[in-house]
Amino acid sequence: MKPMTKSPLQIARAEYLPKIPTSLNGDVVLTKGADTQSVADQAEIKKLFPQTYGMPLLRFERGVKKSYPVKNVGVILSGGQAPGGHNVISGLFDGLQKLNPENKLYGFLGGPSGLVEHKYIELTKQIVAEYRNTGGFDIIGSGRTKLEEEWQFDKGAEICKKLNINAIVIIGGDDSNTNACVLAEYYLQKNTGIQVIGCPKTIDGDLKNEMIETSFGFDTACKVYAELIGNIQRDASSAKKYWHFIRLMGRSASHITLECALQSQPNICIISEEVEAKNMTLNNIVEDIVKVIVNRANFGLNFGTILIPEGLIEFIPAMKKLIAELNDLLANNEDFNSLLTDDVKRQYVKAMLTAESCQFFRDLPKGIASQLTLDRDPHGNVQVSLIETEKLLIEMVAKRLAQLKAQGEYKGKFATINHFFGYEGRCAIPSNFDANYCYSLGYTAALLISEGKTGYMSSISNLTAPAEEWIAGGVPITMMMNIERRNGVMKPVIQKALVKLDGEPFLFFSKHRNDWADENSNYIYPGPIQYFGPSAVCDQPTRTLLLEKGF
Ligand code: FBP
């Protein structure tokens, strides 16, 4: 037997032809909808974006043949990986080729810094072919450099001029698309002739609104995590000896955790947005968990699953205050950075905090306290993916159960295993949904560029219908904006979508969670993503999307 260079699935997947809306399957015509307004702070946003504010919604429909001007395009992958990024690029490449075979596509390397530092490659048919329907962002790499300063925009314009690039596509989350909008406005004001188009990416699922139904990657990542949770639940109910504390990625919003709960029906699932709304303390959360553990123990069930969103700690009021103080304290603090050991760092921090935060910091397990003082991300925020909240909860729950045992109120056994699922799903082979969605987003971006549009986000809607019935178009990015305080400064930004506590996905969950917590087994085992087979198995969108659309 020869060593393999590709798995059988990789080979089969390379041949997959993404499904696209029927309207894109031939010649198209662009129709304009109503003029738009930003979601809030209209007067301020209009003032900041005089050229791109208020543009109409756009939609592509079946039309007649038309010739399009030559366009050279540069594409950037920005931020964390999300399954389907390569298909956005394949769709963009194919769209550009179809609209005018002389069009060229360049990829800026390593994220937004590639544009500023003039690092790029030309994306050819052969290169793109290697990456069709694959996970990852390795075709050109990604990065978290923020594009927000004029000198960066000017450096970008310089390379675009040199390569004769007419448009830039930024594939990113809310922050990257905010920057795309600022860039579009700047290039228009400076008359550079460079268009900017955004594409909604992030596994976190928090870039969504009335017009953008979901961000790409959320579907695949949640399906991967839900499979793993289901497998753990089967193991838990077979071995009957462990409580599994499972932390799930998602930075601040709990969409991933909620979706995984809807798919797998764990015994306990914490939703950060609810914790904040109810003003819950860490102890309240621990008490809720303990109640379920004690009840199940009364039925002889000393096992179960608990889902924890990675952003949880930032939604607990006292922790939020502590983190805000730490963020300020650690921002460019040379003294702190020169300290050598964790112990010395903790002592230094304690001396600088307010009395209330200092007490809270002291009560935390040492490991967690140290993790809170780790390096911040480029936006100055704590890197929540590095904080092991699941271990914090295990420690606190164990303490409380020991007290109850001493009082004779708990007779069970508490053995635990902790997990963190994040990186396992970010580069997974995209599900059919994400493969089709991403390809359609890229293809639509090519159309928007060829139509001369700028400041738009590529949009595909009607996503709970079969792909053929999806609707392709463009949404002005200014429409999604409002003014928010970021790092102490009021800024125009795309509104981040948190879990809505009056939204159908959360309401469904809260209606059923008590049944999932009790002594009867209600686990669901979603199994691995299926790429080939019946549509009911292979093409289902997320439960979140289905519930939001009234299914
Ligand atoms: P994006 O918002 O850039 O898509 O990234 C999302 C995410 O996967 C979060 O869920 C997670 O907290 C973060 O990236 C981790 O980032 P990194 O891998 O850079 O540490």
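The values are calculated or read from the model by the stated rules, or taken from the named source; none is laboratory data. Fair warning: this is a prediction, and the values are worked out from it, not measured in the lab. Virtual Cβ from ideal backbone geometry, glycine too; neighbours counted across all protein chains shown.
Just to verify a result, which residue in region 60-79, among those that are aliphatic (A, V, I, L, M) and assigned to a strand (DSSP E or B), is nearest to VAL28 (Cα to Cα)? Can you show your working first?
So the first thing to find is which residues in region 60-79 are aliphatic (A, V, I, L, M), and the list is 64, 70, 73, 75-77.
Of the ones still in play, those that are also assigned to a strand (DSSP E or B) are 73, 75-77.
Numbers: VAL73: 20, VAL75: 23, ILE76: 26, LEU77: 27 Å.
Residue satisfying both the conditions and the ranking: VAL73.
Name the residue that is surrounded by the most Cβ atoms within 10 Å (Cβ to Cβ), counting only residues in region 510-548 that are closer than 16 Å to ALA428 by Cβ and among the hydroxyl-bearing types (Ser, Thr, Tyr).
So the residue we want is THR542.
Looking only at helices (runs of 4 or more DSSP H) that fall completely inside region 282-394, which ones have 2 or more residues that are away from the ligand (no atom under 16 Å from the Cβ) and within 30 Å of ASP235 (Cα to Cα)?
Details: elements: 282-298, 317-330, 334-337, 342-352, 355-363, 366-371.
So the answer is 282-298, 366-371.
For ASN164, are the conditions met, namely being away from the ligand (no atom under 13 Å from the Cβ) and among the polar types (S, T, N, Q)? Even if it seems obvious, please write down each step before you answer.
Details: away from the ligand (no atom under 13 Å from the Cβ): yes; among the polar types (S, T, N, Q): yes.
Against the criterion (away from the ligand (no atom under 13 Å from the Cβ) and among the polar types (S, T, N, Q)), ASN164 qualifies.
May I ask you to say which residue of ARG362, ARG376, ARG346 is touching a Ser or Thr at 6+ places or on another chain (Cβ under 8 Å) and either farther than 25 Å from ILE246 by Cβ or at pLDDT 90 or above (or both)?
On the way: ARG362 fails: touching a Ser or Thr at 6+ places or on another chain (Cβ under 8 Å); ARG376 fails: touching a Ser or Thr at 6+ places or on another chain (Cβ under 8 Å).
Answer to the check: ARG346.
Of all residues in region 145-174 being charged (D, E, K, R) and part of a loop (DSSP other than H, G, I, E, B), which is farthest from PRO200 (Cα to Cα)?
Pass one, region 145-174, residues charged (D, E, K, R): 146, 148-150, 154-155, 158, 161-162, 174.
Now restrict to residues that are part of a loop (DSSP other than H, G, I, E, B): 146, 148-149.
Details: LYS146: 16, GLU148: 18, GLU149: 22 Å.
In this case the residue turns out to be GLU149.
Quick grid of which residues meet (1) closer than 30 Å to TRP470 by Cβ; (2) within 17 Å of the chain's Cα centre (by Cα); (3) small (Gly, Ala, Ser):
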| position | (1), (2), (3) |
| --- | --- |
| GLN359 | no, no, no |
| ILE368 | no, no, no |
| LEU374 | no, no, no |
| SER385 | no, yes, yes |
| GLN403 | no, no, no |
| PHE414 | no, no, no |
| PRO430 | yes, yes, no |
| THR444 | yes, no, no |
| ILE449 | yes, no, no |
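Suppose the filter is within 16 Å of the ligand (Cβ to nearest atom), in a loop (DSSP other than H, G, I, E, B) and either out of contact with any strand residue (DSSP E or B) (no Cβ under 9 Å at 6 or more places or on another chain) or not small (Gly, Ala, Ser) (or both); does ARG251 pass it? Talk me through it step by step, then tell me what you get.
Numbers: within 16 Å of the ligand (Cβ to nearest atom): yes; in a loop (DSSP other than H, G, I, E, B): yes; either out of contact with any strand residue (DSSP E or B) (no Cβ under 9 Å at 6 or more places or on another chain) or not small (Gly, Ala, Ser) (or both): yes.
Spelling it out, ARG251 is indeed within 16 Å of the ligand (Cβ to nearest atom), in a loop (DSSP other than H, G, I, E, B) and either out of contact with any strand residue (DSSP E or B) (no Cβ under 9 Å at 6 or more places or on another chain) or not small (Gly, Ala, Ser) (or both).
Name the residues in region 40-57 that are within 29 Å of LEU24 (Cα to Cα) and under 25 Å from the mean Cα position of the chain (by Cα), would you?
Within region 40-57, the first condition is being within 29 Å of LEU24 (Cα to Cα), and the residues that meet it are 51-57.
Answer for region 40-57, where residues must be within 29 Å of LEU24 (Cα to Cα) and under 25 Å from the mean Cα position of the chain (by Cα): just LEU57.
Among the residues of region 181-200, is there at least one that is within 16 Å of the ligand (Cβ to nearest atom) and surrounded by fewer than 21 Cβ atoms within 10 Å (Cβ to Cβ)?
Step one: filter region 181-200 for residues within 16 Å of the ligand (Cβ to nearest atom), giving 198-200.
Add one more test, that the residue is surrounded by fewer than 21 Cβ atoms within 10 Å (Cβ to Cβ), and what stays is none.
Among the residues of region 181-200, not one is within 16 Å of the ligand (Cβ to nearest atom) and surrounded by fewer than 21 Cβ atoms within 10 Å (Cβ to Cβ), which makes the answer no.
Residue-by-condition table, conditions (1) free of Cβ contacts under 8 Å to residues at least 40 places away in the same chain; (2) more than 22 Å from SER67 (Cα to Cα); (3) touching a strand residue (DSSP E or B) at 6+ places or on another chain (Cβ under 8 Å):
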| position | (1), (2), (3) |
| --- | --- |
| CYS438 | no, yes, yes |
| LEU441 | no, no, yes |
| ALA446 | no, no, yes |
| THR454 | no, no, yes |
| MET457 | no, yes, yes |
| SER461 | no, yes, yes |
| ARG485 | yes, yes, yes |
| PRO492 | no, yes, yes |
| LEU498 | no, yes, no |
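Given the criteria over 22 Å from ILE471 (Cα atoms), surrounded by 24 or more Cβ atoms within 10 Å (Cβ to Cβ), modelled with pLDDT of 95 or more and more than 18 Å from the chain's Cα centre (by Cα), does ALA167 qualify?
Values: over 22 Å from ILE471 (Cα atoms): yes; surrounded by 24 or more Cβ atoms within 10 Å (Cβ to Cβ): yes; modelled with pLDDT of 95 or more: yes; more than 18 Å from the chain's Cα centre (by Cα): yes.
Considered against the rule, which asks whether it is over 22 Å from ILE471 (Cα atoms), surrounded by 24 or more Cβ atoms within 10 Å (Cβ to Cβ), modelled with pLDDT of 95 or more and more than 18 Å from the chain's Cα centre (by Cα), ALA167 comes out as yes.
If a residue has to be out of contact with any strand residue (DSSP E or B) (no Cβ under 7 Å at 6 or more places or on another chain) and of a type outside the set (A, V, I, L, M) to count, how many in region 38-64 make the cut?
Number of matching residues: 7.
Can you report the number of residues in region 111-144 which are touching a Lys or Arg at 6+ places or on another chain (Cβ under 6 Å) and either part of a loop (DSSP other than H, G, I, E, B) or at positive phi (or both)? Break it down stepwise before answering.
Within region 111-144, the subset touching a Lys or Arg at 6+ places or on another chain (Cβ under 6 Å) is 116, 133.
Right, trim to either part of a loop (DSSP other than H, G, I, E, B) or at positive phi (or both) and you get 133.
So the count comes out to 1.
Take the residues in region 403-417 that are without any contact (Cβ under 8 Å) to a residue 12 or more places away in the chain and not in a loop (DSSP other than H, G, I, E, B), then tell me which one is nearest to ALA239 (Cα to Cα).
From region 403-417, those without any contact (Cβ under 8 Å) to a residue 12 or more places away in the chain are 403, 405-408; that's our starting set.
Within this subset, residues satisfying the condition of being not in a loop (DSSP other than H, G, I, E, B) are 403, 405-406.
On the way: GLN403: 26, LYS405: 23, ALA406: 26 Å.
Result: LYS405.
Can we say ILE394 is surrounded by fewer than 24 Cβ atoms within 10 Å (Cβ to Cβ), under 21 Å from SER370 (Cβ atoms) and β-branched (Val, Ile, Thr)? It would help to see each step written out before you state the result.
Values: surrounded by fewer than 24 Cβ atoms within 10 Å (Cβ to Cβ): yes; under 21 Å from SER370 (Cβ atoms): yes; β-branched (Val, Ile, Thr): yes.
Yes: the conditions hold for ILE394.
So if I check each of LEU353, LEU339, which one is surrounded by 15 or more Cβ atoms within 10 Å (Cβ to Cβ), modelled with pLDDT under 80 and over 22 Å from ASP204 (Cα atoms)?
Values: LEU353 fails: modelled with pLDDT under 80.
Residue meeting the stated conditions: LEU339.
If the requirement is being within 16 Å of the ligand (Cβ to nearest atom), touching a residue at least 24 places away in the same chain (Cβ under 8 Å), assigned to a loop (DSSP other than H, G, I, E, B) and among the aliphatic types (A, V, I, L, M), which of these qualifies: ILE256, ILE212, ILE246?
ILE212
Scan region 197-215 and tell me whether some residue there is modelled with pLDDT under 95, on the phi < 0 side of the Ramachandran plot, under 21 Å from the mean Cα position of the chain (by Cα) and among the small types (Gly, Ala, Ser).
Looking only at region 197-215, we keep the residues that are modelled with pLDDT under 95, and these are 209-211.
Right, trim to on the phi < 0 side of the Ramachandran plot and you get 209-211.
Right, trim to under 21 Å from the mean Cα position of the chain (by Cα) and you get 209-211.
After this cut, where a residue has to be among the small types (Gly, Ala, Ser) as well, the list is none.
No, every residue in region 197-215 fails to be modelled with pLDDT under 95, on the phi < 0 side of the Ramachandran plot, under 21 Å from the mean Cα position of the chain (by Cα) and among the small types (Gly, Ala, Ser).
Scan region 143-153 and give yes if some residue there is farther than 23 Å from LEU48 by Cα and either of a type in the set (D, E, K, R) or more than 16 Å from the ligand (Cβ to nearest atom) (or both), otherwise no.
yes
Residues that are polar (S, T, N, Q) and in a loop (DSSP other than H, G, I, E, B): does region 175-184 have at least one? Full working, then the answer.
Looking only at region 175-184, we keep the residues that are polar (S, T, N, Q), and these are 176-179.
This time we only want the ones that are in a loop (DSSP other than H, G, I, E, B), so: none.
The answer is no; no qualifying residue exists.
Yes or no, residue by residue, for (1) among the small types (Gly, Ala, Ser); (2) surrounded by fewer than 22 Cβ atoms within 10 Å (Cβ to Cβ):
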{"residue": "SER238", "(1), (2)": "yes, yes"}
{"residue": "LYS241", "(1), (2)": "no, yes"}
{"residue": "MET249", "(1), (2)": "no, no"}
{"residue": "SER254", "(1), (2)": "yes, no"}
{"residue": "THR257", "(1), (2)": "no, no"}
{"residue": "CYS260", "(1), (2)": "no, no"}
{"residue": "GLU276", "(1), (2)": "no, yes"}
